Amino acid sequence: INTISELVEFIKLAVSNNWKNAAVITNDFQIPRAQKMYELMYEDPDFILKENPERNKVEEALRRFKNNGGKISFVEAEKILPLRSPRYSKLIEAVKQTDAYKKRIEVEKQALKQLNDRTYRIYWQPS
């Protein structure tokens, strides 16, 4: 499953449980892209939802969530894990020094730019 599909399923879950506030916990580098995807569901559904085979159901869930006063917060997993155990701080810092992590940061920046430019390719996965 991918980020956009996860967001849609999360919103459906929030609606079905009548949640007004919900939090998405993810990596710090993914938050700007995930937030932008969420914003675009409301701001530019023709771009973000155009190829979703269940677009009408998704838009209805978004309407219900918004009308219910629903809000999503995006929370950095890197801030939560050390609260569970201090050992995670060292692990997180070690990962941030790797080439793979640095490459991922660049990929995320490019993806955010593509979302802003509306050139990002959305792949919908069946729920």
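Please specify each residue of the stretch 73-91 satisfying the condition of being under 18 Å from GLN30 (Cα atoms), open to solvent by 50 Å² or more (accessible area, probe 1.4 Å), part of a helix (DSSP H, G or I) and of a type outside the set (A, V, I, L, M).
LYS79
Would you point out which residue out of TYR38, TYR88, TYR42, TYR120 is without any contact (Cβ under 8 Å) to a residue 24 or more places away in the chain, of a type outside the set (Lys, Arg), within 21 Å of ASN2 (Cα to Cα) and out of contact with any Gly (no Cβ under 8 Å at 6 or more places or on another chain)?
One residue alone meets the criteria, TYR120.
Mind listing just one residue for me: the one in the stretch 36-62 that is at pLDDT below 95 and of a type in the set (Lys, Arg) and, of those, surrounded by the most Cβ atoms within 10 Å (Cβ to Cβ)?
ARG55
With the requirement that a residue be under 21 Å from LEU13 (Cα atoms) and among the small types (Gly, Ala, Ser), what does the stretch 65-98 give you?
Passing the criteria: GLY69, GLY70, SER73, ALA77.
Out of all the residues in the stretch 1-48, which are assigned to a helix (DSSP H, G or I), within 16 Å of ASN68 (Cα to Cα) and touching a Lys or Arg at 6+ places or on another chain (Cβ under 6 Å)? Don't jump to the end; show me each part of the working.
So the first thing to find is which residues in the stretch 1-48 are assigned to a helix (DSSP H, G or I), and the list is 3-16, 28-43, 45-48.
Filter once more, so that each one left must be within 16 Å of ASN68 (Cα to Cα): 10-16, 42.
Hit for the stretch 1-48 is VAL15, nothing else.
The values are calculated or read from the model by the stated rules, or taken from the named source; none is laboratory data. Worth saying up front: this structure is predicted, and the values here are computed from it rather than measured. Ideal geometry is used to build each Cβ from the backbone, glycine not excepted, and the neighbour counts take in all protein chains shown. Accessible surface is based on the protein model in full, side chains and every heavy atom, while ligands, DNA and RNA are left aside. Shrake-Rupley method; radii C 1.70, N 1.55, O 1.52, S 1.80 Å.
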